[in-house]
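Colleague: Quick one: this structure, given as structure tokens, is what I'll be asking you about.
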Amino acid sequence: MWVIIAQAFAFGFLMSLHYTSINSLTFADLDAEDTSMGSSMSSVAQQLSMSFCVATASLLTALFLGFEHDSAVSSTLAAAIRSSFVALGVMTLATTLLFRRLHLNDGDNVSRHKEEPSPTESAGA
């Protein structure tokens, strides 16, 4: 039981971290007047991605079951669901390759890591 609790905690933590990171990058390059529209678009994109994930998971489970729902015993169903989770995990890991396209300065305007002015710039002020 403790393994399930630890896995649920880790999953929740990582999902929260993921959504926070994505949301920060979503608003990183938006002007102040565009943040409302950006918030709406981000919310819609998150809802669509969750819906597509549920649909993909159900299709994968049906594929791993072999479309034989009536004769599926609990061990076959459990194996199909386990295989679906593994396949979804692999797809999720594959999407992280998109983050390789980010530049080093992406998100600078939403982070607290601002460049410190050089001593010559602050002396001239």
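Colleague: Sort through Ser84, Ser42, Ser74 and tell me the only one that's exposed (fewer than 10 other Cβ atoms within 10 Å of the Cβ) and hydroxyl-bearing (Ser, Thr, Tyr). Give the steps one after another, and end with the answer.
Modeller: On the way: Ser84 fails: exposed (fewer than 10 other Cβ atoms within 10 Å of the Cβ); Ser42 fails: exposed (fewer than 10 other Cβ atoms within 10 Å of the Cβ).
The conditions single out Ser74.
Colleague: Residues to consider are Leu77, Leu25; find the one that is farther than 22 Å from Asp108 by Cα, part of a helix (DSSP H, G or I) and of a type in the set (A, V, I, L, M). Please lay out each step first, then the result.
Modeller: Values: Leu25 fails: farther than 22 Å from Asp108 by Cα.
Testing whether each residue is farther than 22 Å from Asp108 by Cα, part of a helix (DSSP H, G or I) and of a type in the set (A, V, I, L, M) leaves just Leu77.
Colleague: Still on this structure, please answer the following. Looking only at segment 14-31, how many residues end up being among the aromatic types (Phe, Trp, Tyr) and farther than 12 Å from Gln46 by Cα?
Modeller: First, pick out the residues of segment 14-31 that are among the aromatic types (Phe, Trp, Tyr): 19, 27.
Filter again for farther than 12 Å from Gln46 by Cα, leaving 27.
Within segment 14-31, residues that are among the aromatic types (Phe, Trp, Tyr) and farther than 12 Å from Gln46 by Cα number 1.
Colleague: Now for a separate question. Go through segment 91-105 and give me each residue that's in a helix (DSSP H, G or I) and more than 11 Å from Leu60 (Cβ to Cβ). Please lay out each step first, then the result.
Modeller: Filtering segment 91-105 for residues in a helix (DSSP H, G or I) gives 91-101.
Of everything in segment 91-105, those that are in a helix (DSSP H, G or I) and more than 11 Å from Leu60 (Cβ to Cβ) turn out to be Thr92, Leu93, Ala94, Thr95, Thr96, Leu97, Leu98, Phe99, Arg100, Arg101.
Colleague: Within segment 1-55, track down each residue that is within 22 Å of Arg101 (Cβ to Cβ), of a type in the set (Phe, Trp, Tyr) and without any contact (Cβ under 8 Å) to a residue 40 or more places away in the chain.
Modeller: Answer for segment 1-55, where residues must be within 22 Å of Arg101 (Cβ to Cβ), of a type in the set (Phe, Trp, Tyr) and without any contact (Cβ under 8 Å) to a residue 40 or more places away in the chain: Tyr19, Phe52.
Colleague: Quick one: count up the residues across segment 60-74 that are over 21 Å from the mean Cα position of the chain (by Cα), at pLDDT 80 or above and in a helix (DSSP H, G or I). Talk me through it step by step, then tell me what you get.
Modeller: At the first step, the residues of segment 60-74 found to be over 21 Å from the mean Cα position of the chain (by Cα) are 61-74.
Still in the running and at pLDDT 80 or above: 61-66.
From the residues that got through so far, the ones that are in a helix (DSSP H, G or I) too are 61-65.
Summing the residues that are over 21 Å from the mean Cα position of the chain (by Cα), at pLDDT 80 or above and in a helix (DSSP H, G or I) in segment 60-74 gives 5.
The values are calculated or read from the model by the stated rules, or taken from the named source; none is laboratory data. On a predicted model such as this, the values are computed, not experimentally measured, just so you know. Glycine also receives a Cβ, built like all others from the backbone with ideal geometry; neighbour counts cover every protein chain displayed.
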